[in-house]
Amino acid sequence: MSERDNPAVARLRLRHALRSARDSSDLTQEQVAASLEWSLSKVIRIENGSVRMTITDMRALLQLYGIREQSAVTELEVLARTARAKAWWAEFGDLAPKYANYIGLEEGAAAISCYQQLVIPGLLQTEAYARAVVSAGQPEALPAGDDYVSIRLRRQERVLQRAEPPRVHAVLDEATLRRINGGVSVQREQLHHLVRLGTRANIRLQVLPFSAGLQALEPAFVLMSFPYGADHDVVYLEFSSVVPAVDRGQVLDREEDAGPYRETFDRLAAVALGEADSLAYIAQVAGELR
């Protein structure tokens, strides 16, 4: 999916463009609200992406900000229309908004860096392992929880199997390899799957061994970079350790948000095993499972 077809990426680009335009016009949110006779909460919701903006409202903002060049107006109108479009996951019903936003951003990313200390990242899970993780998080929600398994598998297909897949770099705490999810056979199959994935040119896997000591107390997080339209990374924090069935995740998309997480990720990668040693270690742990 290109950014022109991706509602989440379009919303991100549109929000950045409108905030930048307001800053360039030296207007506060309060002044914008007063000038357009809107409530302040409406301006805030537009800028934080919690409401889908109409073309009429966007044109009013552009007029106020002095943006009249037709090419710029047209580009922003395309983004606004795309941002309002239905995404493929709508067929599964209402998802937690922050999780749905993350799925869309993930699909439009050019590079994905993730740190996980509890379970294998969703993009790298087998179906059986994903089902075990979902059932652990929602023991009373299945078969509704089957939707999350289906969504996870669709994410893998649309992200990892697209014509130009993103670069994926995952740092996995050793606990993700040792913790048995779904039984020994499921865990073993998952580890063998990781080894196969790790041979792909666009996927880099590193294991943070127990011997490295305590390196980070942060919850699992994902850093996403985009090919154009956003000049800084976006961070997704997983506040729910298993399934984002409730809206406990958080997307951080301000320019200053990503820096500390990028520094943490780079530090973790520096002390983790190298790629070849990591794949060998994953295979070793799989061989120990009986």
Unmet criterion (only one of (1) over 30 Å from MET53 (Cα atoms); (2) in a helix (DSSP H, G or I); (3) not β-branched (Val, Ile, Thr)) for LEU118: (2)
Quick check on the stretch 199-219. Is at least one of its residues over 22 Å from GLN161 (Cα atoms), open to solvent by 20 Å² or more (accessible area, probe 1.4 Å), charged (D, E, K, R) and touching a residue at least 40 places away in the same chain (Cβ under 8 Å)? yes
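Which one of ASP26, ASP94 is without any contact (Cβ under 8 Å) to a residue 12 or more places away in the chain, assigned to a loop (DSSP other than H, G, I, E, B) and over 30 Å from GLN156 (Cα atoms)?
Every option except ASP26 fails the conditions.
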From (1) surrounded by fewer than 16 Cβ atoms within 10 Å (Cβ to Cβ); (2) more than 15 Å from the chain's Cα centre (by Cα); (3) modelled with pLDDT of 90 or more, pick out the condition that doesn't hold for ALA110. (2)
Considering ALA100, ALA85, ALA109, which residue is in contact (Cβ under 8 Å) with a residue 12 or more places away in the chain and either more than 30 Å from ARG200 (Cβ to Cβ) or charged (D, E, K, R) (or both)? ALA85
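If we keep just the residues of the stretch 74-107 that are polar (S, T, N, Q) and more than 13 Å from the chain's Cα centre (by Cα), which is most open to solvent (accessible area, probe 1.4 Å)?
THR74
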Which number in (1) in a loop (DSSP other than H, G, I, E, B); (2) at pLDDT below 90; (3) surrounded by 21 or more Cβ atoms within 10 Å (Cβ to Cβ) marks the one condition that PRO143 misses? (3)
Restrict the check to the stretch 120-140 and report whether at least one residue is open to solvent by 20 Å² or more (accessible area, probe 1.4 Å), within 15 Å of LEU194 (Cα to Cα) and modelled with pLDDT of 90 or more. yes
Evaluate the following for SER35: is it at pLDDT below 85 and not hydrophobic (A, V, I, L, M, F, W, C)? no
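The values are calculated or read from the model by the stated rules, or taken from the named source; none is laboratory data. Remember, predicted model here, so these are calculated numbers, not experimental data. For neighbour counting, all protein chains shown are included, and Cβ atoms are generated from backbone atoms with ideal geometry for every residue, glycine included. Note: accessible area is taken over every heavy atom of the protein model, side chains too, but ligands, DNA and RNA are not part of it. Shrake-Rupley method; radii C 1.70, N 1.55, O 1.52, S 1.80 Å.
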